[in-house]
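Engineer: Encoded as structure tokens, here's the structure I'll be asking about.
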Amino acid sequence: MKLFVGLGNPGSKYARNRHNIGFMAVDRIAEDHGFGPWKSKFQAEIAEGRLGGEKVLLIKPQTFMNRSGQSVGEAMRFYKLDSTDVTVFHDELDLAPGKVRVKAGGGHAGHNGLRSIHEHISPAYDRVRLGIGHPGRKEMVSPYVLSDFAKADADWLDDVLRGVSDGAGHLADGESGKFMNAVALRTAPPRSSKSPAKTLKPDATPAPEPEVDERSAMQKLLDKFK
């Protein structure tokens, strides 16, 4: 069994915040893959289903971001799982908007949700880092992550969430490379190698076709020495 944890803050006030992209990711997975209804347990909203060859529990902690580890630890202990069975989906300031990276273990880089999970289950869990970009100055970080995504972000955000959902089965099976390929097909689809045909402007004159020399080889040779 795997635990897929989306990080965010509970309540409609925060629903479209950049900080809540983790909630958005697991919501999309639940919707696309036919998970059961969301229920309240482990100080969280949970939904059960299958991805790839694994049974997966989706978790959205309702303890607010800086206490996310409480519900994650509670669920992990209940199912007698190891921290390596946990994958956390979270916003990442150090990645450009629309970029996605998978990481195993490591530090929390000041992210309050990850910091709390570190404290409750150890740093040895997987993360899916969902880039939201950085506002530029440290003092702007808090209002930035607690603000809603801009309308201009709608397209890339939808592509990221769809890509994460497309690859969720691979992620559950431990195939992070295939997961990243699924994300890339949404966020950076391959371009056709064929160049589009050039079209003339309405008032453009087509170039004259080259004249065809219909003389025989012998006639060409004779004409050359005239």
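The values are calculated or read from the model by the stated rules, or taken from the named source; none is laboratory data. Everything numeric here is computed off the predicted structure, so don't read it as measured data. Quick reminder, even Gly has a Cβ in these numbers, built from the backbone with ideal geometry, and neighbours come from all protein chains shown. Please note that ligands, DNA and RNA were not included when accessible areas were found on the heavy atoms of the full protein model with its side chains. Shrake-Rupley method; radii C 1.70, N 1.55, O 1.52, S 1.80 Å.
Engineer: If we count every other residue with Cβ under 12 angstrom of PRO10's Cβ, Lys/Arg +1 and Asp/Glu -1, where does the sum land?
Structural biologist: Neighbour charge sum, excluding PRO10 itself: +2.
Engineer: Determine the sum of side-chain charges near GLN43: Lys and Arg each +1, Asp and Glu each -1, restricted to other residues whose C-beta is under 10 angstrom from that of GLN43.
Structural biologist: Here the count lands on 0.
Engineer: Something else about it: Can you work out ³J(HN,Hα) from phi for every residue in the stretch 44-52, in order, using Karplus 6.51 cos²θ - 1.76 cosθ + 1.60 and θ = phi - 60°, giving whole Hz and x for Gly and Pro?
Structural biologist: Those phi angles translate into 8, 9, 10, 9, 10, x, 10, 9, x Hz.
Engineer: Just the number, please: carbon plus sulfur as a percent of the accessible area of the stretch 32-86, 1.4 Å probe, no ligands or DNA/RNA counted.
Structural biologist: 47
Engineer: With a 1.4 Å probe and every protein chain left in place, work out the accessible area per residue of the stretch 135-183 in Å², rounded to a whole number.
Structural biologist: Value for the stretch 135-183: 54 Å² per residue.
Engineer: What number comes out for accessible area per residue over the stretch 18-77 if the probe is 1.4 Å? Units Å², please. The partial results should precede the final answer.
Structural biologist: Details: 2480 Å² over 60 residues.
Per-residue accessible area for the stretch 18-77 comes out at 41 Å².
Engineer: Quick one: which residues, 5+ away or cross-chain, put their amide H under 5 Å from the amide H of VAL88? H built at 1.01 Å from N.
Structural biologist: For VAL88, the qualifying residues are VAL5, ASP126, ARG127, VAL128.
Engineer: Sticking with this structure for a sec: Do the alpha carbons of any pairs in LYS60/LYS103; LYS99/LYS178; LYS13/LYS55 sit beyond 23 Å of each other, and which pairs?
Structural biologist: Going by Cα-Cα distance, LYS13/LYS55 fall outside the 23 Å limit.
Engineer: Tell me whether the stretch 87-168 comes out rounded, prolate or oblate; compute the Cα gyration tensor, take square roots of the eigenvalues as a ≥ b ≥ c, and use a/c under 1.5 as the rounded threshold.
Structural biologist: Details: a/c = 2.32, a/b = 1.19, b/c = 1.94.
Because a/c hits 1.5 or more and a/b fails to exceed b/c, the stretch 87-168 counts as oblate.
Engineer: Note down the relative contact order for the stretch 56-202 as a percent, whole number, built from C-alpha pairs under 8 angstrom at least six residues apart.
Structural biologist: Averaging sequence separation for qualifying contacts and normalising by length gives 23 percent for the stretch 56-202.
Engineer: With all protein chains present, how much of the accessible area of the stretch 90-158 (probe radius 1.4 Å) comes from carbon and sulfur, to the nearest whole percent?
Structural biologist: 52
Engineer: Amide H neighbours of ARG50 under 5 Å, counting only residues 5+ apart in sequence or on other chains, H built in-plane at 1.01 Å?
Structural biologist: Hits under the 5 Å cutoff: VAL56.
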